[in-house]
Each structure stands twice: as structure tokens, then as C-alpha cells.
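The values are calculated or read from the model by the stated rules, or taken from the named source; none is laboratory data. Worth saying up front: this structure is predicted, and the values here are computed from it rather than measured. Glycine gets a Cβ as well: all are built from the backbone with ideal geometry, and neighbour counts include every protein chain shown. For accessibility, only protein heavy atoms count, side chains too; no ligands or nucleic acids. Shrake-Rupley method; radii C 1.70, N 1.55, O 1.52, S 1.80 Å.
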Amino acid sequence: MKSFETNEMSTAQVHSYLLHAIAPRPIALVSTIDKDGRVNLSPFSFFNLFSANPPVCIFSPSRRIRDNTTKHTLENVQEVAECVINIVDHKIVYKVNQASAEYPKGVNEFHEVGLTELASLHIKPPRVAESPVQLECIIKQIIPLGDGPGAGNLVLAEIKTIHFREDLLDEAGKPIQANFDHVARLGGDWYSRVTTQSLFALPKPIEKLLNT
Ligand SMILES: Cc1cc2nc3c(=O)[nH]c(=O)nc-3n(C[C@H](O)[C@H](O)[C@H](O)COP(=O)(O)O)c2cc1C
């Protein structure tokens, strides 16, 4: 093994090593608005589900390593504590990547990349119509992890409304995993796609114990 002490590495190297290693990561395409109602749309792969009751996702818009500036998404959720987390599938991933370009504040990435705004039921930021799953969220808390370049900001988002595209559910209302066509982020410019070939199922051991 080659071993590295993070406090002896540059932030860029820590970032690169960990992004390659801690992968694949799901991608949240987050829509927000600022206090003047201007819409923003940006992807975040420092993202996951952390609680089902209450249902809470966390994503992290980091301070830029280059110049320590903060992202519009963070500034927006500080102003208006709502967001939609739109799940990313293979069909939209190219547009999602385009949405990560650093547009000036106030530019609406929906228009720039050609995604469609769909009004949310209960909150002000719009959903992405092309996304297979859209989660309307209220921001519960924002936790800064530091104030230097690369520092994350944990945005704790409580999911209030779940929208599923109809073909993702069978007649009994059970999700069909293969139909999601998820993509995930890895290190550098790498992505992975969940296809029927790459999917496999493992029964949970607890079920076996209960059935014996
Ligand atoms: C797939 C993908 C995942 C990303 N994940 C993150 C992330 O987790 N945290 C982050 O700070 N930036 C991430 N980025 C970069 C941001 O999307 C990018 O900095 C964007 O310009 C932020 O937009 P905003 O300033 O409008 O919020 C990611 C980019 C892509 C393409």
C-alpha cells in the first residue's frame, strides 16, 4: 500500500484521491431560488440520503479550491430555505454536466442547458421536468465544515414531496430499479451508468434468519 497523511497533501490532491476512491456517488441536480426569485440549477455529487424518518438528504456545495468563493446554490438556500433535488439519469447527464459551468449569479441554467421548469406543488423552486425523480425539500440546517478553500457546507434538506415518473413503479406501486437508469459520479471526468447488465441482487441476510 502507499499511505498518505492528508495534512501533508494539497487540498487538490486530497480532493482528487478521495473523489476517485469514494465512488460512485449519486448526483443531486439542485434547483433553488434567490431572494429576488431568480432560479439556479446545479449538480452536486457530495450527496446522499441520511434518514427516512424524517426523510433527510444532505448535499454539500463546497467553497471553490481555486479562490475560496462560495457557490450560488449555497447563497440561495441561505436566502430561501427550499430546494428541489432532481435525480439524474443517463438521458439528462450531458445537460447536467453543462449546468455545472460557472454562469454568473442570476443566470438560469434551465434556459442555458435546455431543461424544462415544472412548477413544484409546495415550494417556490421549480422541478426539472426531464428528471425521473423530483424531491421537494425544505432546508432544515446548513453546517459549514470550515472557511478555507475546499470546505464543504452540509445542506440538510428534509424531503416533503416525492415525484416519481410513472414507469418507475409497477402496478403495486413498487419501484422497478432497472428503470431508473441512474448515473453516478466518480473521480476526474468519470461517470458510471447503472444498466441491467451491471445490476445484481443480494438477498439481505436478516431475511434468511427470519425465514429459517
Ligand atoms: C456531476 C457533478 C457533480 C458535482 N458535485 C459537486 C459537489 O458535490 N460539490 C460542489 O461544490 N460542486 C460540485 N460540482 C461542481 C458544481 O456543480 C459547480 O461548481 C457549479 O458551478 C455550482 O453552481 P452554482 O454556483 O450555481 O451553485 C459538481 C459538478 C458536476 C458536473
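Odds and ends about this structure:
- Solvent-accessible area, 1.4 Å probe, carbon plus sulfur percent, for the stretch 6-211: 56 percent
- Within the stretch 189-208: backbone nitrogen closer than 20 Å to the I22 label point (7 Å, Cα to C-beta): 189-192
- Computed helical MRE - 222 nm, the chain, DSSP H runs ≥ 4 contributing -39500 (n - 2.57), nearest 500: -4500 deg cm²/dmol
- Each DSSP beta bridge with both residues in the stretch 6-211 is either parallel or antiparallel, and the antiparallel ones are about 100%.
- For the options F46, F164, F200, a Gaussian network treatment of the chain with springs between C-alpha atoms closer than 10 Å singles out F200 as fluctuating the most.
- Per residue, the accessible area of the chain comes to 59 Å² when a 1.4 Å probe rolls over the protein heavy atoms.
- Restricting the stretch 122-212 to GluC sites (Glu not before Pro) that sit in a DSSP loop and have at most 15 other Cβ atoms within 10 Å of their own Cβ leaves E171.
- Among 100-109, 76-85, 116-125, the order from most to least packed when residues are scored by Cβ within 10 Å on average: 76-85, 116-125, 100-109
- Count of Lys pairs (Cα-Cα under 20 Å; at least 8 positions apart or interchain) in the chain: 15
- Here the Karplus curve 6.51 cos²θ - 1.76 cosθ + 1.60, taken at θ = phi - 60°, turns the phi angles of the stretch 154-162 into couplings of 6, 9, 8, 10, 8, 7, 9, 9, 10 Hz, with x standing for Gly and Pro.
- Stokes-Einstein diffusion coefficient of the stretch 6-211, Kirkwood radius over Cα pairs, 25 °C, 0.890 mPa s, in µm²/s: 136 µm²/s
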